[in-house]
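Each value in this text was obtained by applying a stated rule to the coordinates, not by laboratory testing. Keep in mind that what you see is a predicted model, and the values were worked out from it rather than measured. Reconstructed Cβ throughout: ideal geometry from the backbone, glycine too, with neighbour counts over all protein chains shown.
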């Protein structure tokens, strides 16, 4: 790989590292929040991953290893995206806001497409608030790390005007 593709690949790998850091921060935040609120763990991520892999699942069974795998794989995957954004100049607060929405939409798309979870419109308001907050922490930490690790080397001015 040479040139632009090489820079993008390195940025994606750095983004994976940033995404894992963001996932760690989100996990710590979730643990603290759950201790304070006594909210139980969600097992929907595990069921989602099992369904995506064609494995049997149950709404009453808990699959902790699958839950962690889905949690960390999603964080790493979307971290790679954030790394590419950082190196191409999609950075800072507006990128973090967009990345929060991407993280929420990614989870909800997979959970609803597999039938493992319900649409957020059906959730109690408090559960939505908690989920949005945790995904915001993920995006903030991932974005700060990604922007620090990836210089904006591939900022293009092509298309800066509509004509």
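The figures follow:
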quantity: Gyration tensor (alpha-carbon) shape descriptor, the range 90-146, a/c threshold 1.5; calculated: prolate
quantity: Degrees separating the helix 3-37 axis from the principal Cα axis of the chain, which is the longest one; calculated: 30
quantity: Value of relative contact order over the range 74-143, rounded to a whole percent, pairs C-alpha under 8 Å and six or more apart; calculated: 46
quantity: Square roots of 5 times each gyration tensor eigenvalue, C-alpha, the range 3-149, largest first, Å; calculated: 27, 17, 13
quantity: Of 31, 73, 13, the one that fluctuates the most in a GNM where the chain has Cα springs shorter than 10 Å; calculated: 31
quantity: The range 3-149, relative contact order [Cα under 8 Å, separation at least 6], %; calculated: 40
quantity: Inter-label distance for residue 156 and residue 4, nm, one decimal - labels placed 7 Å from Cα along Cα-to-Cβ; calculated: 0.5
quantity: Global form of the range 70-119, assessed from the alpha-carbon gyration tensor, a/c cut-off 1.5; calculated: prolate
quantity: In degrees, nearest ten, helix 125-149 long axis to first principal axis of the chain (Cα); calculated: 30
quantity: Relative exposure of 82, 4, 35, judged by other C-beta atoms within 10 Å (fewest first); calculated: 35, 4, 82
quantity: Alpha-carbon centroid distance for the pair the range 105-120 / the range 135-153, whole angstrom; calculated: 25
quantity: Ellipticity estimate at 222 nm from DSSP helix runs (n ≥ 4, -39,500 (n - 2.57)) divided over the chain, nearest 500; calculated: -25000 deg cm²/dmol
